[in-house]
Amino acid sequence: MKGDRVEIVVDAGDTTRTYEVVASRAGRRVETAVRRGVVEVSEVTRTGAVVRTARFMANRVLALVEQPVPREDGSEKAGRTGRPFGDVPEA
């Protein structure tokens, strides 16, 4: 969602560097993946198209902090019924 951000702290030898990937527009989200020794943080559209990607060697990443925007309308809880399969009636 717009405003979601991921902070990446990387060891740069004698110092550390901090990078941020932010969902800059409405309908975009930030996804994180770790594959084959590479940390990949991408800003993705609603349809799944990647807008931009930041890649870092996993052994150099010191911290990866996901900071979601607080939802005021309770949209994260909408649709949850507490049952394992949602609104499927029990037999």
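No value in this document is a laboratory result; all are computed from the given coordinates. Given the structure is predicted, the values throughout are model-derived calculations rather than measurements. Every residue, glycine among them, receives a Cβ derived from its backbone with ideal geometry; neighbour counts consider all protein chains shown.
Figures for the structure shown
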{"read-out": "Residue-by-residue Karplus 3J(HN,Hα) for region 47-64, coefficients 6.51, -1.76, 1.60, Hz, glycine and proline x", "value": "7, x, 6, 7, 8, 8, 9, 10, 10, 9, 5, 4, 6, 9, 7, 8, 8, 9"}
{"read-out": "Extreme residue, positive dipole direction of region 5-67, given options T16, Q67, T53 (C-beta unit charges)", "value": "T53"}
{"read-out": "Residues with amide H under 5 Å from that of R28, placed H, sequence gap 5 or more", "value": "K2"}
{"read-out": "FRET efficiency estimate (nearest 0.05) - Cβ-Cβ, A63 to A26, R0 30 angstrom", "value": "0.60"}
